[in-house]
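Contents: one structure, followed by commentary.
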Amino acid sequence: MIIPHAKVGSSLKNKTGGWRSQKPIFNPELCKKCGLCQLHCPENCISGVEMDKKVEERSVAKTDYDFCKGCGICAKVCPFGAIKMVEEEK
Ligand code: SF4
Ligand code: SF4
C-alpha cells in the first residue's frame, strides 16, 4: 500500500519534508529581477519579482525553502547565473 506524504491541495499547502537533496542559492548581486525563475518554478515558491512593477522598483528573487522541492528548474532558466544548486546538508 502506498501512503502519500503530501495532502491533496496546492504545492503551497504541502511543505517539503527532509527528502530534498539539493537546494537553490540565489545571488542577489547577479539577479537582474527578470522574473523568469518565478515564472517557471513548478511549486510557485519564488517571490520578490513583482512583474507589475518597473524593473528598478522590483526586489531580487528569493525562494521559500519550506516549499522548494529542489528540482533545479530555476537555476536552469536563469539567464544570468544568479541561482546555483547546492547539495543539502544531511
Ligand atoms: S531568473 Fe535569475 S535574474 Fe531573473 S529573477 Fe530569477 S534569479 Fe533573478
Ligand atoms: S528548485 Fe524548483 S521548486 Fe525550488 S525554487 Fe527552484 S524551481 Fe522552485
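The values are calculated or read from the model by the stated rules, or taken from the named source; none is laboratory data. None of the values given here were measured: they were computed from a predicted structure. Because the Cβ atoms are built from the backbone with ideal geometry, glycine has one as well, and the counts that use them run over all protein chains shown. All accessible areas refer to the heavy atoms of the entire protein, side chains included, with ligands and DNA or RNA removed. Shrake-Rupley method; radii C 1.70, N 1.55, O 1.52, S 1.80 Å.
Within the range 73-90, being more than 11 Å from ligand 1 (Cβ to nearest atom) and surrounded by 15 or more Cβ atoms within 10 Å (Cβ to Cβ) holds for one residue alone: Met85. The residues of the range 21-40 that are among the small types (Gly, Ala, Ser) and near ligand 1 (Cβ under 10 Å from one of its atoms) amount to a single one, Gly35.
Just give me the residues in the range 60-71 being within 19 Å of Asn14 (Cβ to Cβ) and open to solvent by less than 50 Å² (accessible area, probe 1.4 Å), in sequence order. Correct list: Thr63, Phe67, Cys68, Lys69, Gly70. Within the range 8-64, being touching a helix residue (DSSP H, G or I) at 6+ places or on another chain (Cβ under 8 Å) and hydroxyl-bearing (Ser, Thr, Tyr) holds for Ser47, Thr63.
Does the range 41-59 contain any residue that is open to solvent by 50 Å² or more (accessible area, probe 1.4 Å) and within 9 Å of ligand 1 (Cβ to nearest atom)? No: the range 41-59 contains no residue that is open to solvent by 50 Å² or more (accessible area, probe 1.4 Å) and within 9 Å of ligand 1 (Cβ to nearest atom).
The rows are residues; the columns are (1) of a type in the set (D, E, K, R); (2) under 14 Å from the mean Cα position of the chain (by Cα); (3) more than 14 Å from Ile83 (Cα to Cα).
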position	(1), (2), (3)
Arg20	yes, yes, yes
Pro24	no, yes, no
Lys32	yes, no, no
Gln38	no, yes, no
Pro42	no, yes, yes
Ile46	no, yes, no
Asp52	yes, no, yes
Ser59	no, no, yes
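Among the conditions (1) within 20 Å of Lys13 (Cβ to Cβ); (2) touching a His at 6+ places or on another chain (Cβ under 6 Å), Asn44 misses just one, which is (2).
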